[in-house]
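Report on the following structure.
The values are calculated or read from the model by the stated rules, or taken from the named source; none is laboratory data. This is a predicted model, so every value here is computed, not measured. Positions of Cβ are generated from backbone atoms using ideal geometry, with glycine treated the same way; all protein chains shown enter the neighbour counts. Calculation scope for accessible area: heavy atoms of the full protein, side chains included, ligands and nucleic acids excluded. Shrake-Rupley method; radii C 1.70, N 1.55, O 1.52, S 1.80 Å.
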Amino acid sequence: MTRTILLAVPVLALASLSTTAASADAQDQELSLGKDVYDRWCAGCHGVDGAGAGPGAATMLPRPRDFTRAQYQVRTTGTGELPTDADIMHVIDVGMPGTAMPGWEDALSRDEREALVAYLKSFSRFFESGPEPTPLEFGSAPSSSEATITEGARLYQEIECWQCHGQAGRGDGSAAATLDDDLGFPNYAADLTRNWLFNGGGAVEDIYRVLRTGLDGTPMPTFSDLIESDIVTDDQLWSLAHYVRSLSPARAPAVREVITATLDESELPSTPDDERWASVQPFYVPLAGQVIVKPRWFSPRVTNIWVRALHDGEDVVLLVSWTDPTQSPSSDPDWASFAQRVVDTMEPKDEGSTWEPGAPDRLVVQFPQTLPSGLERPHFLQGDARRPAYLWSWSSEEDRAVEMVAEGLATGQQQPDENQQLSAVSTWSEGEWRVLFRRPLMTPDIAADLQLPLATAVPIAFQAWDGDNGEAGKQNAVSTWYFLALEEATPATVFMAPVAAFVLTAAFGLGVVARAQRRYTEAEERAGQAGGA
């Protein structure tokens, strides 16, 4: 009996060693796969050593994650704690909205993504020891109501969220120009009116999670300590999450190719704040950094605009609005300092910068100089010598708009004052510009001015500059081409046709019924005669 037990001990030990070796081999294979995936898809931004300084990092703000620090923004764990494997997988799957980090769920297999999680953890010794990270308990989101929104708005004021995010949530708070991340790079306060770009997700559950965990490495703190100190309740923090969610549209905006200028035969709005604009459909236009022509710009502040359009058959009015935390140039020296830090961070070292302190905000609405045949259009960066562009150019410095003709970016030549047909009125309030352009559909200068016929798809594009973000000259934000369509009056025949069709159909139906009744009566009479015989 004793010999049997003694013999079994080496056998068990060998089995244990075999299992351990197999486990180690599986881990090595997983890390090898993770390294292959990382080197192919991630190292270009995050660097081969995971320190966040890959070849593309200098073109990004915020900078790519430094995995050697084990500091992750989007987590379900407490502030300063390591993320769970599920947290890291979540970011790999869906990306980081509002940053250069895309989602990889559709590009990589499950095995590849799991291996990538393991490899990312290998960059930091903090994952090697200590207990497994423990997620916080969040519970379920209570339903939203007018009372919860009101309570959330009160808490927004009480804990001074407006200091960074502004009273209307557009990132224009009094402290917004002073924000840095933990690495010393300038940090943008989130625009709470665009939840589809929230870092970590835009659902109310995502917002609540960020309130509980903070965004480590950024100025965004955790508010869990307020709950632990009985300063606020968990329900109140949920109310704050509901309030923040209410600042954005119910659904993320869709991009449509055609901007419709609705026909309005009454007097057109003459100011950007006319209450009638609220009933005009807004069109969402995304913008991106101008990275085609040197000097390029990779960090535009204006990443989308909203366009509303009306016409009365003689004039067209275009209301363009966008988020901008300042009226550039701002009188606040902190914003001049912020702009300089952005330039120092983002300036392509071999290209230089065209920005100087005091640069204004600008907006350009771009058209072809003449209507193209088919879908042919000028180059989207203000045309070229072969196909010039016709521009509506507005600047906050002069607070006026002028017509220009350009043969390439930053080549615009203003038309003579006597030929100017364009006017503009602008307002800036709580982090938002609203610029109202007005111009006749047809102008005397048919050689230089684009004529705007009804019921025609007119190519249109946009460019924007934020002077307090280090933007000037060719360094700006641009859109691709869209189309502006001026709605045509509906002919009376369009309304009469359904009526006429109804009358004809009714008459035909009555005829069919009468004929059927007549046949039925004749059949009854014949049957009666046969029976009498």
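Before moving on, here are some points about what is shown:
- Failed item in (1) part of a loop (DSSP other than H, G, I, E, B); (2) open to solvent by 20 Å² or more (accessible area, probe 1.4 Å); (3) over 30 Å from Ala24 (Cα atoms), with Arg65 passing the rest: (3)
- So Ala461, is it in contact (Cβ under 8 Å) with a residue 12 or more places away in the chain and on the phi > 0 side of the Ramachandran plot: no
- Any hit, the stretch 394-410, residues being within 19 Å of Gln451 (Cα to Cα), open to solvent by 60 Å² or more (accessible area, probe 1.4 Å) and of a type outside the set (Phe, Trp, Tyr): yes
- Residue count for the stretch 294-324 under the criterion of being open to solvent by 10 Å² or more (accessible area, probe 1.4 Å) and part of a loop (DSSP other than H, G, I, E, B): the result is 10.
- Out of Glu351, Glu376, Glu356, one residue alone is open to solvent by less than 40 Å² (accessible area, probe 1.4 Å) and not aliphatic (A, V, I, L, M). It is Glu351.
- Residue match in the stretch 34-43 (condition: of a type in the set (Gly, Ala, Ser), under 30 Å from Thr213 (Cβ atoms) and at pLDDT below 95): no
One line per residue, one yes/no per condition, for (1) at pLDDT 80 or above; (2) among the aliphatic types (A, V, I, L, M); (3) surrounded by 10 or more Cβ atoms within 10 Å (Cβ to Cβ):
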| site | (1), (2), (3) |
| --- | --- |
| Ile5 | no, yes, no |
| Val9 | no, yes, no |
| Ser16 | no, no, yes |
| Ala21 | no, yes, yes |
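- Criterion: farther than 20 Å from Thr213 by Cβ, open to solvent by less than 40 Å² (accessible area, probe 1.4 Å) and at pLDDT 95 or above - qualifying residue of Arg154, Arg113: Arg113
- Residue check, Trp238 at negative phi, buried (at least 18 other Cβ atoms within 10 Å of the Cβ), of a type in the set (Phe, Trp, Tyr) and in contact (Cβ under 8 Å) with a residue 24 or more places away in the chain: yes
- Of all the listed residues (Gln366, Gln327), the sole one being under 24 Å from the mean Cα position of the chain (by Cα) and either over 30 Å from Ser174 (Cβ atoms) or at pLDDT below 95 (or both) is Gln366.
- Looking only at residues of the stretch 330-348 that are part of a loop (DSSP other than H, G, I, E, B) and within 15 Å of Gly473 (Cα to Cα), we find that the one that is most open to solvent (accessible area, probe 1.4 Å) is Glu347.
- Looking at the stretch 384-452, the strands (runs of 3 or more DSSP E) lying wholly inside it that each contain 2 or more residues that are among the polar types (S, T, N, Q), in the same structural domain as Gln366 (by TED's automatic domain parsing) and under 32 Å from the mean Cα position of the chain (by Cα) sit at 389-395, 423-429.
- Screening the candidates Val91, Val74 for the property of being crowded, with 19+ Cβ neighbours inside 10 Å, free of Cβ contacts under 8 Å to residues at least 24 places away in the same chain and closer than 18 Å to Thr213 by Cβ yields one hit, Val91.
- Qualifying residue in the stretch 247-269 (condition: on the phi > 0 side of the Ramachandran plot, open to solvent by 50 Å² or more (accessible area, probe 1.4 Å) and not in a helix (DSSP H, G or I)): no
- One residue alone among Pro64, Pro55 is within 22 Å of the chain's Cα centre (by Cα) and either closer than 30 Å to Trp297 by Cα or in the same structural domain as Pro219 (by TED's automatic domain parsing) (or both), and that residue is Pro64.
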